[in-house]
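Written out below as structure tokens is the structure these notes cover.
The values are calculated or read from the model by the stated rules, or taken from the named source; none is laboratory data. Computed from a prediction, not measured in an experiment: that's the story for all the values here. Cβ: placed from backbone, ideal geometry, glycine included. Neighbour counts: every protein chain shown.
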Amino acid sequence: MAKKNNSNSDEINYQKIDNNFVPSLSMMNQKKDEQIEENNSFSQFFSVFKRRWLIFLTVTFGVTAGVAYWTYQQSPIFQGKFLLLVEKQQEKSDVNNNNNSINGNFSNSSPTAVDYNTEVEILGSPSVLVPILEEVAVKYPDVFDDINLPNLENLTIKQLENTKIIEVAFQNENPEKIKFVLDKIADNYLAKNLADSKNNVNEGLKFVRNQVPQLENKVISLQTNLQNLRQQYNFIDPQAKATELAQQLASLEQEYLSSQIQLQQAQSTYNNLQQQLQLTPEQAIAVNDLSESSKYQSLAKELEELELEIATKSAVFTDISPQMITLNEKKQNLIKLLEEERKKILNKQFGEINDRESVKVSSPNQIRSKLIEEMLSKNNEIKVLETKIDALKKALEELNKSLKQMPTLTRKYTDLQREIQTNTDSLKRFLETREKLELEQAQKTLNWRIVSPPSVKEEPIYPVPVNNLIMGLIGGLILGSITANIVDKLDGIIHSLPQLKELTKQPILGQIPIHKNINSVEDVIRKALPSFNSDSSVSWMSKTPQPQEYSSSYWIESFRNFYTNVRLLGSDSIVNSLVISSPNPTEGKSTISLNLAQTAAAMGQKVLLIDADLRLPQLHRLLDIDNDNGLSHLLATGLDLESVIKDVPQWDNLSVITAGEIPPDPTRLLYSQKMQEIVQQLKNSQTFDLIIYDSPSLLGFSDAKIIAPNTNGLILVVKLGKSDRDSLQQVTEQLKISNVPLLGIVGNGIKYNDHTGYYRSEYHNYYKSHQNQLHSRS
């Protein structure tokens, strides 16, 4: 778990690595990177300037001197001008009442305001200027060459912004000519305005007089159409008519609904009566007519009594007895008389009915008669309601049809009203315009006047030495910067960390500075050893951070920062096996490999440094140890791995495998199955916390690309001021094609006054300010 020490100013983070707490440089790196990013543009420019200052100053001085020489070779040019107030006739009185109105905003002018853009074009057209210049040519024949129609090279005509004023300016080397030309132009412009005013008024008046009768006829025609529309559809206002129809429709719909309800009620009552009486409407009418006939009712009663008598005597006599025969004959006679009477009453409206039914329906019954009357009444009521509903339905259809027509009628009505209003307004405006034009025709006054007479400035407007020199200097600086950048880019050499990061798109893991006071790699190692001895690592790597007087050597601190970045690379697993290489030879990869190993060892890590450069090994010379029984012997013979691992004097935690004897074919050895097994064995073992392979340069050799896939990845060392863009791009492309994981970049050979100048001072100041905090944690 990370530990923190809080203070009022800043905060130190501690990263736990292999059960030891070490101050984390990630916050320091973040702060540094943010500052470098903010000053990136300026720093790049400053770096380019330092490298190409001679080109920059030469171009800047040359451009400035050239502009200065050209300026003092030019002939002076003078300028004169006059101001012309341009307005319409109706605005004249306002100008006379308020002289400040000449500076008023044109947006407040009347709808008939001057089109100033068009007016400017007309005043500058050849048709206007040629007659004027012909007058000037009598005294100055070269005036046409000066102005060069229609381009108007030296004559400027423009409207002053947000005013009613037109400015006319003329440039020339002769001030007298300028004054003469401007006087002629001013006089002719005023004369032109007077003539144009008369012509415009006459033409406008003629046009208005032609339009007025046409508008009057059109208004009359539209009013007639509106009147016909109202008469045809019988309305004054379509909106009111629509409201009236809507009310009628609502009333009829209510009445229609009420009638349907009444019809349903009458049909229900009628059906109940019909079910009780078991009669059709025709039968009910017949029964009612028969019940009202006294003769028919008398015969029916007599027949009913006779049937009762027959029924009584049939219990005593047989059907063939004389008494029964006489009664039956009498019954048949009564039935015949009853049928004749029925036919007489009903006029043969009904068919045959049996005797008993005829007697039943025609028997006098007061209740039955009332029910029959009610049934007939409901039947009549149903017919009346059905007739009423049919009439209401037709009325509703007519109203709906009329309502559907109302939107169309309303649109026609509105269109006619709008056209009438529009044409009436137009007619009114034309009449008013006619009166105004007639008044203007009678006045015959000028609309334009000179508010500032022609005058010529005493000082020339061209050239302006100060402005030209300033512009020349600015142009020289810009051109010098561009030239210096172009030359720098064409150079192809990588000079700065931003260039390196932009080309590789990879994180910068380390920034290794140049040591100007150290002449050889051996001196560097010898001077660095005291700061990296094992004794100092004890206090440094104790579980509880102790106060430490950090070395003043920024070079040594850069390796500590480099190692910390490497340790923090892995998110899921710690990076414990890596290859260090460079695009080209002599970029410092071996020195950096050695010092990274020493840094890790000084921080308590078990480190194995392997010299995998079987072509030009360096590590045994740098460490001053023998090169017997090295990597080549391990791969080519049956030596055991432990037998080739050598301890480094004065470094308890650092071991090394030297290259051994240079083989005839290093690539074959490195590509062997045994080499892959050794790399995997070392990576998976718990013996060493970090294994570093120092491999040959990447361009021309595949050694590093053979080893790297079996490790956590490859770190690329680039020497600033030596490595070129093409080589670096070629190497990165090769690594992508080979699927070699590139962990990051190390910038070697950084100057103190480059980006790292900030880092160096900030680094030491930061840690110095927190020494007391570290002491308090011990």
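Here are a few things to note about the model shown:
- Selected residue [in contact with a strand residue (DSSP E or B) (Cβ under 8 Å, 6 or more places away or on another chain) and not in a loop (DSSP other than H, G, I, E, B)] from D187, D183: D183
- Taken as a whole, the structure leaves F170 outside the set of residues that are outside any helix (DSSP H, G or I) and closer than 30 Å to E398 by Cβ.
- Residue count for region 632-657 under the criterion of being closer than 19 Å to V607 by Cα, hydroxyl-bearing (S, T, Y) and loosely packed, with under 15 Cβ neighbours inside 10 Å: the result is 1.
- Some residue of region 658-675 being of a type in the set (S, T, Y), surrounded by 17 or more Cβ atoms within 10 Å (Cβ to Cβ) and closer than 30 Å to E502 by Cβ: no
- Which listed residue is assigned by TED's automatic domain parsing to the domain that holds V731, at pLDDT below 90 and in contact with a Leu (Cβ under 7 Å, 6 or more places away or on another chain), from V575, V579: V575
- Test: residue in region 719-733 that is within 49 Å of the chain's Cα centre (by Cα) and among the β-branched types (V, I, T): yes
- Flag if L205 is within 18 Å of L439 (Cα to Cα) and modelled with pLDDT under 85: yes
- Members of region 453-466 that are in a helix (DSSP H, G or I) and either surrounded by 12 or more Cβ atoms within 10 Å (Cβ to Cβ) or at pLDDT 85 or above (or both): P465
Conditions (1) at pLDDT below 80; (2) under 21 Å from I367 (Cβ atoms), marked per residue:
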| residue | (1), (2) |
| --- | --- |
| Y296 | yes, yes |
| L303 | yes, no |
| L306 | yes, no |
| T326 | no, no |
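- For the condition aliphatic (A, V, I, L, M), loosely packed, with under 14 Cβ neighbours inside 10 Å, assigned to a loop (DSSP other than H, G, I, E, B) and modelled with pLDDT under 80, I320 does not qualify.
- In region 209-262, the qualifying residues are those that are of a type in the set (K, R) and surrounded by 15 or more Cβ atoms within 10 Å (Cβ to Cβ), and the one that is nearest to L396 (Cα to Cα) is K241.
- Residue within region 689-696 that is surrounded by fewer than 21 Cβ atoms within 10 Å (Cβ to Cβ) and out of contact with any Phe, Trp or Tyr (no Cβ under 8 Å at 6 or more places or on another chain) present: yes
- Listed conditions (1) assigned to a helix (DSSP H, G or I); (2) of a type in the set (G, A, S); (3) modelled with pLDDT under 85 are all met by S127, apart from (3).
- Some residue of region 686-706 being part of a helix (DSSP H, G or I) and touching a residue at least 60 places away in the same chain (Cβ under 8 Å): yes
- Checked against (1) closer than 17 Å to L84 by Cα; (2) exposed (fewer than 15 other Cβ atoms within 10 Å of the Cβ), D183 meets all criteria but (2).
- Residue that is nearest to the chain's Cα centre (by Cα) [pool: residues in region 428-441 that are over 14 Å from F207 (Cβ atoms) and at pLDDT 85 or above]: K428
- Qualifying residue in region 668-678 (condition: in contact (Cβ under 8 Å) with a residue 12 or more places away in the chain and of a type in the set (D, E)): no
- Qualifying residue in region 729-747 (condition: surrounded by fewer than 19 Cβ atoms within 10 Å (Cβ to Cβ), over 15 Å from G510 (Cβ atoms), of a type in the set (D, E) and at pLDDT 90 or above): yes
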